[in-house]
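The values are calculated or read from the model by the stated rules, or taken from the named source; none is laboratory data. Quick caveat, the model's predicted, so the values are computed rather than measured. Every residue, glycine as well, gets a Cβ built from its backbone with ideal geometry; the counts of neighbours run over all protein chains shown.
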């Protein structure tokens, strides 16, 4: 497999979907949002899946959705919990460049107002701060490229990603 895709990882609220759409348009490739894919496949919202079956089931569904992705050049915006699936991440690493959009906790707090109703795969009663700390090390572990999303517009993030990829 060749690494012809760009895979965006990061916390909910990091801007993966917004940046992904802009990046795909700029590069002239398809865009795929795995959160939307899951909702279409499951015919339900992430929040409903989370409430009905729990966070572990949502993570398993997410991993299977990723493992079922077709080959081809595209920009992929993953759900924030994709990094918990080792097989899914190995698949994504084999098919694309992994870009971690690193956004600080303060910025994420400003962007996310519906933490409890957003369908975020987390342990019951887990705080946003705890989830942030837990995931940050996973994002860093899998990232080929790390882009700071703090104090950047989505367009500036797209340019930073493109510049980093040109150096590869």
* To do: Among the residues of segment 67-92, count how many are part of a loop (DSSP other than H, G, I, E, B) and more than 15 Å from the chain's Cα centre (by Cα).
  => 5
* Asked: Does segment 32-53 contain any residue that is over 12 Å from the mean Cα position of the chain (by Cα) and in a strand (DSSP E or B)?
  -> no
* Has segment 137-145 got any residue that is surrounded by fewer than 14 Cβ atoms within 10 Å (Cβ to Cβ), farther than 18 Å from residue 59 by Cβ and modelled with pLDDT of 90 or more? -> yes
* Run residue 111 past the list (1) under 13 Å from the mean Cα position of the chain (by Cα); (2) under 24 Å from residue 156 (Cα atoms); (3) surrounded by fewer than 18 Cβ atoms within 10 Å (Cβ to Cβ) and report the number of the one that doesn't hold. => (1)
* Does residue 5 meet the test of being under 22 Å from residue 151 (Cα atoms) and in contact with a strand residue (DSSP E or B) (Cβ under 7 Å, 6 or more places away or on another chain)? -> no
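Scan segment 14-31 for residues that are more than 18 Å from residue 139 (Cβ to Cβ) and either in contact with a helix residue (DSSP H, G or I) (Cβ under 9 Å, 6 or more places away or on another chain) or in a helix (DSSP H, G or I) (or both) and report the count. Walk me through it before giving the result.
Filtering segment 14-31 for residues more than 18 Å from residue 139 (Cβ to Cβ) gives 21-22, 24-31.
Now drop any that are not either in contact with a helix residue (DSSP H, G or I) (Cβ under 9 Å, 6 or more places away or on another chain) or in a helix (DSSP H, G or I) (or both), which leaves 21-22, 24-27, 29-31.
Matching residues across segment 14-31 total 9.
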* Asked: Hey, residue 126 hits all of (1) modelled with pLDDT under 80; (2) at positive phi but one; which does it fall short on?
  -> (2)
* To do: Identify the single condition in (1) under 17 Å from residue 136 (Cα atoms); (2) assigned to a helix (DSSP H, G or I); (3) modelled with pLDDT of 90 or more that residue 100 does not satisfy, given that it satisfies every other one.
  => (2)
* **Conditions (1) surrounded by fewer than 24 Cβ atoms within 10 Å (Cβ to Cβ); (2) touching a helix residue (DSSP H, G or I) at 6+ places or on another chain (Cβ under 8 Å); number of the one not met by residue 82** => (1)
* **Of all residues in segment 159-168 being in contact (Cβ under 8 Å) with a residue 40 or more places away in the chain and either farther than 18 Å from residue 5 by Cβ or over 15 Å from the mean Cα position of the chain (by Cα) (or both), the one that is surrounded by the fewest Cβ atoms within 10 Å (Cβ to Cβ)** => 168
